[in-house]
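Chemist: Pasting in a structure now, in C-alpha coordinates, and then I'll have a few things to ask.
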Amino acid sequence: MAKANRASAKRKHPNEHFEALLRRFKKSVDKASVIKDVRKNEFHEKKSIKRKRAKAAAKKRHEKQVQMERNKFQPTCRRR
(Lines give C-alpha, C1' and ligand atoms only; values in the text may rest on other atoms or scores of the structure.)
Protein backbone atom coordinates (compact mmCIF):
# COMPACT_ATOMS: atom_id res chain seq x y z
CA MET A 1 0.00 0.00 0.00
CA ALA A 2 2.91 2.37 0.63
CA LYS A 3 4.01 2.05 -2.99
CA ALA A 4 0.58 3.14 -4.19
CA ASN A 5 0.70 6.23 -1.97
CA ARG A 6 4.11 7.24 -3.33
CA ALA A 7 2.96 6.66 -6.89
CA SER A 8 -0.03 8.93 -6.33
CA ALA A 9 2.04 11.89 -5.11
CA LYS A 10 1.72 14.82 -7.49
CA ARG A 11 3.67 18.07 -7.67
CA LYS A 12 2.11 21.31 -8.82
CA HIS A 13 3.18 22.45 -12.27
CA PRO A 14 3.97 26.14 -12.76
CA ASN A 15 0.83 28.18 -13.51
CA GLU A 16 -1.42 25.17 -12.70
CA HIS A 17 -4.71 25.71 -10.90
CA PHE A 18 -5.50 23.72 -7.79
CA GLU A 19 -8.53 22.11 -9.49
CA ALA A 20 -6.32 20.72 -12.25
CA LEU A 21 -3.85 19.35 -9.69
CA LEU A 22 -6.69 17.76 -7.73
CA ARG A 23 -8.08 16.21 -10.94
CA ARG A 24 -4.68 14.71 -11.81
CA PHE A 25 -4.32 13.37 -8.27
CA LYS A 26 -7.78 11.76 -8.28
CA LYS A 27 -7.08 10.17 -11.65
CA SER A 28 -3.79 8.67 -10.42
CA VAL A 29 -5.44 7.37 -7.23
CA ASP A 30 -8.20 5.72 -9.28
CA LYS A 31 -5.67 4.21 -11.67
CA ALA A 32 -3.62 2.80 -8.78
CA SER A 33 -6.87 1.55 -7.12
CA VAL A 34 -5.72 2.83 -3.72
CA ILE A 35 -9.24 3.34 -2.37
CA LYS A 36 -10.26 -0.17 -3.40
CA ASP A 37 -7.26 -1.68 -1.58
CA VAL A 38 -7.90 0.35 1.57
CA ARG A 39 -11.53 -0.72 1.70
CA LYS A 40 -10.59 -4.35 1.02
CA ASN A 41 -8.09 -4.38 3.91
CA GLU A 42 -10.17 -2.34 6.32
CA PHE A 43 -11.37 -5.40 8.24
CA HIS A 44 -9.89 -8.86 8.65
CA GLU A 45 -11.57 -11.49 6.53
CA LYS A 46 -11.30 -15.20 7.18
CA LYS A 47 -9.84 -17.37 4.45
CA SER A 48 -13.05 -19.36 4.17
CA ILE A 49 -14.98 -16.17 3.43
CA LYS A 50 -12.39 -15.13 0.82
CA ARG A 51 -12.69 -18.52 -0.87
CA LYS A 52 -16.48 -18.29 -0.78
CA ARG A 53 -16.40 -14.82 -2.37
CA ALA A 54 -13.93 -15.97 -5.05
CA LYS A 55 -16.07 -19.00 -5.85
CA ALA A 56 -19.19 -16.84 -6.16
CA ALA A 57 -17.35 -14.43 -8.48
CA ALA A 58 -16.15 -17.32 -10.65
CA LYS A 59 -19.70 -18.69 -10.83
CA LYS A 60 -21.02 -15.28 -11.82
CA ARG A 61 -18.36 -14.91 -14.54
CA HIS A 62 -19.20 -18.37 -15.89
CA GLU A 63 -22.95 -17.64 -15.94
CA LYS A 64 -22.29 -14.37 -17.77
CA GLN A 65 -20.14 -16.18 -20.35
CA VAL A 66 -22.83 -18.82 -20.89
CA GLN A 67 -25.47 -16.10 -21.28
CA MET A 68 -23.32 -14.29 -23.86
CA GLU A 69 -22.88 -17.54 -25.81
CA ARG A 70 -26.63 -18.11 -25.82
CA ASN A 71 -27.35 -14.57 -27.00
CA LYS A 72 -24.76 -14.83 -29.78
CA PHE A 73 -26.99 -17.14 -31.80
CA GLN A 74 -30.25 -15.27 -31.25
CA PRO A 75 -31.34 -12.49 -33.62
CA THR A 76 -30.84 -9.02 -32.18
CA CYS A 77 -34.17 -7.52 -33.27
CA ARG A 78 -37.31 -9.51 -32.76
CA ARG A 79 -40.45 -8.87 -34.73
CA ARG A 80 -43.76 -9.21 -33.01
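The values are calculated or read from the model by the stated rules, or taken from the named source; none is laboratory data. Since this is a predicted model, take the numbers as computed values, not measurements. Cβ sites come from the backbone with ideal geometry, for glycine too, and all protein chains shown count toward neighbours.
Chemist: Looking at (1) at pLDDT 90 or above; (2) surrounded by fewer than 10 Cβ atoms within 10 Å (Cβ to Cβ), find the lone condition where LYS60 falls short.
Modeler: All conditions pass for LYS60, except number (2).
Chemist: Name every residue in the range 10-48 that is touching a Leu at 6+ places or on another chain (Cβ under 9 Å) and either among the basic types (Lys, Arg) or surrounded by 11 or more Cβ atoms within 10 Å (Cβ to Cβ) (or both), in order of residue number.
Modeler: LYS10, ARG11, LYS12
Chemist: Report yes if some residue within the range 7-16 is in a helix (DSSP H, G or I) and at pLDDT below 90; otherwise report no.
Modeler: Looking for residues that are in a helix (DSSP H, G or I) and at pLDDT below 90, one finds at least one in the range 7-16, hence yes.
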